[in-house]
Amino acid sequence: MTILHVLAPGVRVFYRGDACIEIHAPAQGFPQRPLVTHTRVLRVLEQLAKPSSDDQVQQALAGAASIEAARELLEELIRFGIVRRHHVPGSTGQASPGTRGFLIFALGDQRYGQLAYNAARSIKHSHPEATVAVCHHGAALAKLSRERLAAFDRLIECPPPRAFLGERFAPLWAKLHADLISPFDFTVVVDADTVFFPGAPLAEELVRYQGCDFAPTCTFTHVPGKTMPGDRVIVWADAEECIGRFGLSRPIHQVHLFYFAFHRTVPTQDLFRSAREVYLALGREPLKSMRTWYAGRVSAELAMSIATAKCDFALYSASHVPVMNNAMLPLEAMTTCCLGLTFCGAPPDAAWQARYDAIVRVVTPPGIEPLLWSRIAASS
């Protein structure tokens with residue numbers, strides 16, 4: 001049976017038996033079929049508001065003017081990232097057994113430990129049963145009292161080989177070792193400066209990742225042979241140069257690493273290993289078009305994005321942005337379509353600081369002074 005309902009603007013969800021399909025606004029080009037548009041497809045599917053069989057869904061698509069080979073069209077939509085298929089509770093899809101939890105990186109500056117504390121509180125406010133680990137290094141946790149440290153279920157000291165490249169501190173390199181650092185069979189990695197909105201459906205979001213290997217924040221797909229001049233992998237490098245340097249024939253998925261989830265599987269291990277190899281290769285011989293991160297560091301996001309085109313794994317979706325940063329979306333639009341917020345390197349403006357502080361006040365337990373943005377910034 002198929003049931004349609006609306007989650008948020010631009011998102012439609014179908015339950016097909018025990019499998020779930022989501023229809024999203026396209027991340028890039030829609031499949032090239034005559035007279036077929038994203039709007040028309042959604043309009044046809046929206047008419048299936050009552051329970052329908054899979055065959056009826058296909059017939060509805062085929063019955064619309066000029067929409068032929070409906071089942072093949074649906075598969076194309078999945079491949080382009082406009083549609084994603086995954087499993088819901090009771091399905092035949094197998095999630096990784098064992099432990100599940102959140103992993104927050106707090107490396108170096110003590111500011112990141114304070115931010116990580118707020119992130120952990122926001123997670124547990126919306127998902128009280130969640131297990132939260134913090135991977136720390138240096139003085140990151142130095143300003144947290146024993147009472148505040150209790151917000152974390154696990155304290156994991158980041159091994160020096162994963163926090164440094166040679167003698168140089170490399171926090172982005174550490175994040176590419178999340179598969180080796182995480183104590184969980186299923187892990188959600190979030191940046192320290194992330195906070196989730198009070199009441200965000202975190203538990204429900206995690207269930208949606210069953211049946212996939214890797215569920216990153218994903219915003220765009222570069223298809224070899226279909227790139228346009230000036231296309232860049234996020235902001236880090238020219239897409240065509242990445243394709244040529246690494247001999248890529250599969251799509252490059254733009255992966256943002258401020259929020260991503262993964263199951264401990266062989267394909268995921270291969271993906272992270274490949275990302276580390278790409279990171280080192282880019283450090284040895286940078287791309288001509290490549291921008292670097294702080295102090296000339298290679299972008300871990302660029303390395304992981306390229307790795308998605310080198311490995312065979314089950315991607316959750318090519319269009320998935322559960323957490324927004326302050327370079328992606330106007331502040332007022334976020335709570336209608338996101339689980340939380342994070343920051344894009346640069347200090348946030350006053351409106352974003354006010355929203356962050358409002359969340360922190362709600363999620364901090366009574367009797368404990370909230371760690372507001374201004375206080376954290378002053379302590380760095």
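The values are calculated or read from the model by the stated rules, or taken from the named source; none is laboratory data. Being a predicted model, the structure only gives us computed values, none of them experimental. Glycine also receives a Cβ, built like all others from the backbone with ideal geometry; neighbour counts cover every protein chain displayed. Just the protein is used for accessible areas: all its heavy atoms, side chains included, with ligands, DNA and RNA removed. Shrake-Rupley method; radii C 1.70, N 1.55, O 1.52, S 1.80 Å.
A few comments on the model shown:
- Segment 116-260: radius of gyration and largest Cα-Cα distance (Dmax), Å: 18.0, 55
- Cβ charges +1 (Lys, Arg) and -1 (Asp, Glu), total dipole of segment 128-216, debye: 360 debye
- Accessible-area ranking of Ser249, Ser145, largest first, probe 1.4 Å: Ser249, Ser145
- Across the accessible surface of segment 268-330, with the other protein chains kept in place and a 1.4 Å probe, carbon and sulfur atoms take up 48 percent.
- Each 10 Å bin from 0 upward holds the following percent of the Cα-Cα pairs of segment 189-345: 10, 39, 36, 14, 1.
- Taking all protein chains together, Glu129, Glu205 sort by accessible area into Glu129, Glu205, largest first [probe 1.4 Å].
- Cα gyration tensor shape for segment 240-321, rounded if a/c is under 1.5, else prolate or oblate: prolate
- With K and R counted +1 and D and E -1, the other residues having a Cβ less than 11 Å from that of Asn326 yield a net charge of -1.
- Computed from label points 7 Å out along Cα-Cβ, the spacing between Arg146 and Leu180 is 3.4 nm.
- FRET efficiency estimate (nearest 0.05) - Cβ-Cβ, Val207 to Ala354, R0 30 angstrom: 0.40
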